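First up is the structure itself, then whatever we jot down about it.
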Amino acid sequence: MNKILVATHGYFANGIKSSIKLLTGVEENIYFLNAYVNDESIDKQIEHFFQSASEEKKHIGLTTGL
């Protein structure tokens, strides 16, 4: 199954996660990244997500201009 990453500034990704779960019930294979809310490197988190890609699966990243 394909993987989707939703990365946003602040906690907006949490709101999107809540809405997707409410509307579809889907939680698996959708990952959420709340950027700039702590000292963790955003680049490393995004890089880790895409490094887990395989040729059989698509990895899609959606952002709000990170």
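Hey, rough spin-label estimate for HIS48 and TYR36, points 7 angstrom out along Cα→Cβ, what's it come to in nanometres?
It works out to 2.1 nm between the two label points.
Run the numbers on the chain and let me know its relative contact order in percent, using alpha-carbon pairs under 8 Å that are six or more apart.
Details: 84 pairs, mean separation 35.2, N = 66.
It comes to 53 percent, rounded to a whole number.
Quick check for you: which residues of the range 16-55 have the amide N under 12 Å from the point 7 Å beyond the Cα of MET1 toward its beta carbon?
25-31
Can you send over the carbon and sulfur percentage of the accessible area for the chain, probe radius 1.4 Å, protein chains only? Display every interim value, and only then the final one.
Working: 2580 of 4880 Å².
Ligands and nucleic acids excluded, carbon and sulfur reach 53 percent.
Let me have the 222 nm mean residue ellipticity of the chain computed from DSSP H runs of 4+ only, each contributing -39500 (n - 2.57), with the sum over all residues rounded to the nearest 500.
Details: 2 runs with 23 residues, N = 66.
Value at 222 nm, helices only: -10500 deg cm²/dmol.
Averaged per residue, what accessible area in Å² does the chain show with a 1.4 Å probe, protein chains only?
Details: 4880 Å² over 66 residues.
The answer is 74 Å² per residue.
Could you tell me which label, among (i) 13.6; (ii) 12.4; (iii) 12.9, carries the value of Kirkwood radius over Cα pairs in Å calculated for this structure?
Read-out from the structure maps to (ii).
The values are calculated or read from the model by the stated rules, or taken from the named source; none is laboratory data. These figures come from a predicted structure and were not determined experimentally. Cβ atoms come from the backbone with ideal geometry, glycine included; neighbour counts cover every protein chain shown. We work out accessible area using only protein heavy atoms, side chains counted, and drop any ligands, DNA or RNA first. Shrake-Rupley method; radii C 1.70, N 1.55, O 1.52, S 1.80 Å.
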